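A.B. asks: First the structure, which I've put down as structure tokens, then a few questions once you've had a look.
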Amino acid sequence: MKMYQATFIKVLMGLLERPMWMLLLVSLCVMSMVYAHRTVWDLPVAVVDQDHSTASRLLIRNLDATAKINMRSYESVNEAVRDLGWRRLFAVIIMPQDLEKKLLAGKSVTVPVYGDATNRLANGQIQQDVVAAYQEMLNHYDIELMLRSGFSYRQAQVILTPIIAQTQDLFNPGISFAAIIFPGLLVMLLQHSLMIASVRVSIAMRAQGKPPLPVYLGGLSALLPIWLFLSIVLFVLWPWVLGYRQTAGIAEILLLTFPFLLAVLGLGKLLTECLRSVEMIYLTLSFITMPVFYISGTIWPLQAMPGWVRAVSYMLPSTWATKAIAGVNQMGLSWHSALTDVMMLLLLGAFYTLLGMGVGLLRDTGRLRKLLRRRAG
């Protein structure tokens, strides 16, 4: 117990004296500030009005009223397409000739839209606003046609909108791309930084000879207070600063984060025993960080992945941590609903730890046999 306490205090004081882990907060600020507005707005979009009618002006006004589009008038299509190619615009919308006449005659109308498909987020947002604005204008003229045909205003509304949809926000009200990415981004930052720190501590202790188990446990457990503090900053303080929804308290966040940290430490143990080289470990972590982020279920649903990819994803602590923390801290679920995720994190931690110990034992046994053979020879 004394060896454990001495190592724990030594490693913890070393982390506090040289707080390189604070770079995680700097990295968090730099990466997450791009999501400070939580959604995109005022995207420059060109409009070429070839009709100059009440309908075209109404559609342009509806588009300009949206928060995500900033309309810019152009006289010619060629000029607008040229600026689209130079990335000065995100889309070009053309109001065709005889737009209003076709609407009043009940004929179908096509509104050409040229978008920059290389930016899927902006392109998707513009597409949604164009469809909504066009539908609003179309309803206006449909009601006008029905009034001319003898329908009352109430009858026209019932025919055009027989069912009024009502939605209730559960996950990230006012959902946006940033709100979807943010929880997974924070989990990945926590996982990657703790993985590097645990591997570094393990290699530093092994450089002084094979440490006893209490010394090894003391060195790794000294990381937990630091990363529990970071988890409070990442999952409580920083989302509050940026204005994201939070439904979990600090105690619930710690209950979910602690098994996640244990699972990451277990994975770090396995990685250390398999590679046993600082250069190889850092190189491996640099290559697997983005693949792990993609298959963790943050930006692509697990159910849509191939079976073998989903199996790999289930072996990652970040997959279960993202699901648990997002459910409790954003969907308003109780922490009891995340017990399955917590159990999976504890099982992964135990599995990776035992597997790492087994790999280390095999490697040490192999080295011992070689030394005995050399001496015998």
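A.B. asks: Which condition does Glu100 not pass, out of (1) more than 24 Å from Leu145 (Cβ to Cβ); (2) assigned to a helix (DSSP H, G or I); (3) modelled with pLDDT of 85 or more, if it passes all the others?
C.D. replies: (1)
A.B. asks: Could you say whether any residue in region 190-200 is free of Cβ contacts under 8 Å to residues at least 60 places away in the same chain and not in a loop (DSSP other than H, G, I, E, B)?
C.D. replies: Initially, region 190-200 is screened for residues free of Cβ contacts under 8 Å to residues at least 60 places away in the same chain, giving none.
Among the residues of region 190-200, not one is free of Cβ contacts under 8 Å to residues at least 60 places away in the same chain and not in a loop (DSSP other than H, G, I, E, B), which makes the answer no.
A.B. asks: Please give the helices (runs of 4 or more DSSP H) falling wholly within region 268-377 in which 3 or more residues are modelled with pLDDT of 90 or more. Explain how you work it out, then say what you get.
C.D. replies: Working: elements: 278-294, 307-314, 317-329, 339-376.
Counting at least 3 such residues, we get 307-314, 317-329, 339-376.
A.B. asks: A further question on this structure: Inspect all residues belonging to region 323-343 and state whether any of them is hydroxyl-bearing (Ser, Thr, Tyr), within 20 Å of Ile288 (Cα to Cα) and open to solvent by 50 Å² or more (accessible area, probe 1.4 Å). Steps first, answer last, please.
C.D. replies: To start, the set of residues in region 323-343 that are hydroxyl-bearing (Ser, Thr, Tyr) comprises 334, 337, 340.
Then keep just the ones that are within 20 Å of Ile288 (Cα to Cα); that gives none.
No, the conditions are met nowhere in region 323-343.
A.B. asks: In region 239-255, what residues are open to solvent by 40 Å² or more (accessible area, probe 1.4 Å) and either part of a helix (DSSP H, G or I) or among the aliphatic types (A, V, I, L, M) (or both)?
C.D. replies: Trp240, Val241, Ile250, Ala251, Glu252, Leu254, Leu255
A.B. asks: Can we say Arg200 is among the charged types (D, E, K, R) and at pLDDT 80 or above?
C.D. replies: When the stated conditions are applied, Arg200 passes them.
Residue-by-condition table, conditions (1) open to solvent by less than 40 Å² (accessible area, probe 1.4 Å); (2) over 30 Å from the mean Cα position of the chain (by Cα); (3) over 19 Å from Asn123 (Cα atoms):
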| residue | (1), (2), (3) |
| --- | --- |
| Val45 | yes, no, no |
| Thr54 | no, yes, yes |
| Thr66 | yes, no, no |
| Arg72 | no, yes, no |
| Val81 | no, yes, no |
| Trp86 | no, no, no |
| Met95 | yes, yes, no |
| Asp98 | no, yes, yes |
| Lys101 | no, yes, yes |
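A.B. asks: Still on this structure, I have one more. Of the conditions (1) more than 14 Å from Val111 (Cβ to Cβ); (2) in contact with a Pro (Cβ under 7 Å, 6 or more places away or on another chain), Thr54 clears all except one; give me its number.
C.D. replies: The number of the failed condition is (2).
A.B. asks: Out of region 1-43, which residues are at pLDDT below 75 and buried (at least 17 other Cβ atoms within 10 Å of the Cβ)?
C.D. replies: Across region 1-43, the qualifying residues are Leu28, Ser32, Tyr35, Arg38, Val40.
A.B. asks: Taking the condition touching a helix residue (DSSP H, G or I) at 6+ places or on another chain (Cβ under 6 Å), farther than 18 Å from Phe182 by Cβ and either open to solvent by 10 Å² or more (accessible area, probe 1.4 Å) or without any contact (Cβ under 8 Å) to a residue 60 or more places away in the chain (or both), does Pro259 pass?
C.D. replies: Details: touching a helix residue (DSSP H, G or I) at 6+ places or on another chain (Cβ under 6 Å): yes; farther than 18 Å from Phe182 by Cβ: yes; either open to solvent by 10 Å² or more (accessible area, probe 1.4 Å) or without any contact (Cβ under 8 Å) to a residue 60 or more places away in the chain (or both): no.
Taking the combined requirement at face value, the residue does not satisfy it.
A.B. asks: Take region 120-143 and flag every residue that is touching a residue at least 40 places away in the same chain (Cβ under 8 Å) and either in contact with a helix residue (DSSP H, G or I) (Cβ under 6 Å, 6 or more places away or on another chain) or exposed (fewer than 14 other Cβ atoms within 10 Å of the Cβ) (or both).
C.D. replies: Matches in region 120-143: Leu121, Ala132, Ala133, Glu136, Met137, Tyr141.
A.B. asks: Hey, another quick one. If you take the residues of region 289-309 that are free of Cβ contacts under 8 Å to residues at least 12 places away in the same chain and over 15 Å from Gln191 (Cβ atoms), which of them is most open to solvent (accessible area, probe 1.4 Å)?
C.D. replies: Looking only at region 289-309, we keep the residues that are free of Cβ contacts under 8 Å to residues at least 12 places away in the same chain, and these are 290-291, 294, 300-301, 303-308.
Remaining after also requiring over 15 Å from Gln191 (Cβ atoms): 300-301, 303-308.
Numbers: Trp300: 144, Pro301: 67, Gln303: 155, Ala304: 57, Met305: 18, Pro306: 73, Gly307: 46, Trp308: 186 Å².
Within region 289-309, the match that is most open to solvent (accessible area, probe 1.4 Å) is Trp308.
A.B. asks: Oh, and also: Filter region 212-238 down to the residues that are farther than 26 Å from Ala324 by Cβ, buried (at least 17 other Cβ atoms within 10 Å of the Cβ) and either free of Cβ contacts under 8 Å to residues at least 12 places away in the same chain or among the β-branched types (Val, Ile, Thr) (or both) and list them by number. Give the derivation first.
C.D. replies: Initially, region 212-238 is screened for residues farther than 26 Å from Ala324 by Cβ, giving 212-216, 218-219.
Still in the running and buried (at least 17 other Cβ atoms within 10 Å of the Cβ): 215-216, 218-219.
Val215, the sole residue that qualifies.
The values are calculated or read from the model by the stated rules, or taken from the named source; none is laboratory data. Quick caveat: nothing in here was measured; it's all calculated off a predicted structure. All Cβ positions, even for glycine, are placed from backbone atoms using ideal geometry, and neighbour counts span all protein chains on display. Please note that ligands, DNA and RNA were not included when accessible areas were found on the heavy atoms of the full protein model with its side chains. Shrake-Rupley method; radii C 1.70, N 1.55, O 1.52, S 1.80 Å.
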